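Q: My structure is below; once you've seen it, I'll send some questions.
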């Protein structure tokens, strides 16, 4: 088995069959809003916060995207590239403490 490698002849390949369940495909995410020729994304929720390489980051769920597309973004980036609503800023988690190590 160690000498085998997965190679398929092109004749054996076929297209995937159409989806048998109608409406199962997810809608494509909304396009970003253009303001002054810059792309702006809507923030739906702030899920978590952390310090990464001494920079404060927030885990952001973007409006119209799933939880699998949530990303860690620096606060400076969020201030300039995201549009905020009152509901999204109300639940911003407090940043973790910067203490390194633990005390017993």
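Values in this text are rule-based calculations from the coordinates and carry no lab data. Because the structure is predicted, anything quoted here is derived from the model rather than measured. For neighbour counting, all protein chains shown are included, and Cβ atoms are generated from backbone atoms with ideal geometry for every residue, glycine included.
Q: Given R₀ = 41 Å, what would the calculated FRET efficiency be for residue 75 paired with residue 25, taking r from the Cβ atoms and rounding to 0.05?
A: Efficiency for this residue pair is about 0.70.
Q: How big is region 1-55 by the Kirkwood estimate over distinct Cα pairs, in Å?
A: For region 1-55, inverting the mean 1/r across all distinct Cα pairs yields 18.3 Å.
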